[in-house]
Every structure is written in C-alpha cells, then in structure tokens.
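Following: one structure in structure tokens, then a few remarks.
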Amino acid sequence: MDHINKMIRLATTTNEPRSRFLMEALRLRADIVLKCEFEPFGWFFKYSAALLSYSPNRREWWNKYQWHPIVRYARKRKLLNKLMPYKNDCDALFMWGSWFNPSIIEPGGGLPFWMYIDQSCSPVIDDGDISGDKSLKSRLAFNIYQNRIYHDSHGIFCMSNWSREQTLMAHKLPLSKVHYVGWGPCAVDLSIEDVPLNTKEPVILFVGNDFYRKGVDILSAACSIVSEKIKDVKF
C-alpha cells in the first residue's frame, strides 16, 4: 500500500509562459523531477524552418513554422537531451500542447506521457478554431501527425468541454483517453494589479478572445438572463 501514498515523479515540458501557474499547482500533487522548456532551440533549426515554411500570410506562416518537421525535431531533441539523465527517476512526462511526439512510449522508452491541450487540428476549420491556416494540405498533414501523437500518449487533458469534443471529432480516439479538466490555475496574473475590493457591486469579468472556443456565445446569452434577475449587474 506504500505506493498509493507515494507522490508521482513527474517530468514536464512546455513552451507556454502561463504554464508556471499550473506547474506551481502540480508541485502540491507531484514531485517535479525535471521542468524542461522545449524552446528556444538552435538558430540553425529556427531559421531553416522559418525559410522553408514561408507564407505571405503571417498567421499561416506561423502555424506552418510551428508544425514544420525541423521544428518538431529540434523540440524533441532538446527534450530528450534534458530528459535522458532523469529517465530512471521519472514515472511520467506531462507535456503542454501537442506540437511534437516525444517518442518515449512503452515498451521502447518505458516512460508514459500525457498532454494538456486547448484544441486539436482537424482537416476542416471548426467554429472557434483560431489557427488561421486555411490550407487543407497542411492541416491534413498535421492532423495525421497529431493523430499519431495522441495514439502514442497515455491520455489527453483538455482545457474545456469544447476542446474535448473537438478533439474527439478530429481524431478517432477512445472516449476514455480524452479528459476534460478545465483551465485550472493557468490564468492571467493579477497579483500586481490595483484591483478595487468593493465586492458589493456585482461585476462579471470575462478574459479571452471573442470566439466560440472561449464560450463567448454562451456568455452573451447568459447576460440578458442574469440582467433580468440582477438589475445593477455589470458585464
């Protein structure tokens, strides 16, 4: 029974500054053996991928760069170089996003990995998809590649129900493998802001971009309902 009370030994990898809030929360539940940022990597990989993925549309260029095989290789290479000395000290890898496949699945690598995502890449652009890449060829290519990442992973944690449903629609995955866990502590840091503490005034604050993925359509519908019940509420 001792293993039940033992904290899991976790390696983490991310390229997202906001992940620090999540990592702080994870430290209460797990022993973080290694925290690796898979960016930045070498300038040769960076500029080669930028040149080969060039598109006049800056949004499309950015996504093609993110998905480029050179970038995926560089990220994986950096992670594995950092991870190998700690491999026997870790129980699992927690990965932010699905930009590359760490390829350390059992039985070959012996280290299971889970990932935390906000959306997946489907061949057809969904409501709420902000990738901006309208090229069917490039989207299909990354969809196939991403499907392999999901297949090799031990589980997928989604930041919203929308993300979970969209991922299940974009990829043929068992329902038991894709989990809705919410956005959690990965929030905007307001600790240094001068926030008024007048809690008597009912104010609803929304932070995010205006599209379906953030649930703004639901919020808009709720505004009129709430306003009928609470006359002085502010959104």
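Taking into account only those residues within segment 42-70 that are open to solvent by less than 40 Å² (accessible area, probe 1.4 Å) and assigned to a loop (DSSP other than H, G, I, E, B), which is farthest from Tyr116 (Cα to Cα)? Per the stated criteria, the residue is Ser55. Within segment 197-220, the residues that satisfy the criterion of being farther than 28 Å from Asn15 by Cβ, modelled with pLDDT of 80 or more and open to solvent by 80 Å² or more (accessible area, probe 1.4 Å) are Val203, Ile218.
Per-residue answers, yes or no, for (1) closer than 21 Å to Ile8 by Cβ; (2) modelled with pLDDT of 80 or more; (3) β-branched (Val, Ile, Thr):
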| residue | (1), (2), (3) |
| --- | --- |
| Ile105 | yes, no, yes |
| Leu111 | yes, yes, no |
| Trp114 | yes, yes, no |
| Val124 | no, no, yes |
| Asp129 | no, no, no |
| Arg139 | no, no, no |
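Among the residues of segment 146-196, which ones are farther than 18 Å from Lys214 by Cα, open to solvent by 80 Å² or more (accessible area, probe 1.4 Å), aliphatic (A, V, I, L, M) and modelled with pLDDT under 90? Once the filter is applied, which keeps residues that are farther than 18 Å from Lys214 by Cα, open to solvent by 80 Å² or more (accessible area, probe 1.4 Å), aliphatic (A, V, I, L, M) and modelled with pLDDT under 90, segment 146-196 yields Leu190, Ile192. Checked across segment 76-84, the condition of being touching a residue at least 24 places away in the same chain (Cβ under 8 Å), within 19 Å of the chain's Cα centre (by Cα) and open to solvent by less than 40 Å² (accessible area, probe 1.4 Å) holds for at least one residue.
If the condition is being β-branched (Val, Ile, Thr) and under 16 Å from the mean Cα position of the chain (by Cα), then segment 7-43 contributes Thr12, Thr13, Thr14. Checking segment 13-22 against the condition returns a match, with at least one residue being closer than 17 Å to Ile117 by Cα, among the polar types (S, T, N, Q), surrounded by fewer than 19 Cβ atoms within 10 Å (Cβ to Cβ) and in contact (Cβ under 8 Å) with a residue 24 or more places away in the chain.
Being among the small types (Gly, Ala, Ser) and open to solvent by 20 Å² or more (accessible area, probe 1.4 Å) is a property that holds for Ala25.
The values are calculated or read from the model by the stated rules, or taken from the named source; none is laboratory data. What you are looking at is a predicted structure, and each value in this text was computed from that prediction instead of being measured. Cβ coordinates were reconstructed from backbone atoms using ideal geometry, including for glycine residues, and neighbour counts include every protein chain displayed. When the accessible area is computed, the model is the full protein with side chains, heavy atoms only, and any ligands, DNA or RNA have been set aside. Shrake-Rupley method; radii C 1.70, N 1.55, O 1.52, S 1.80 Å.
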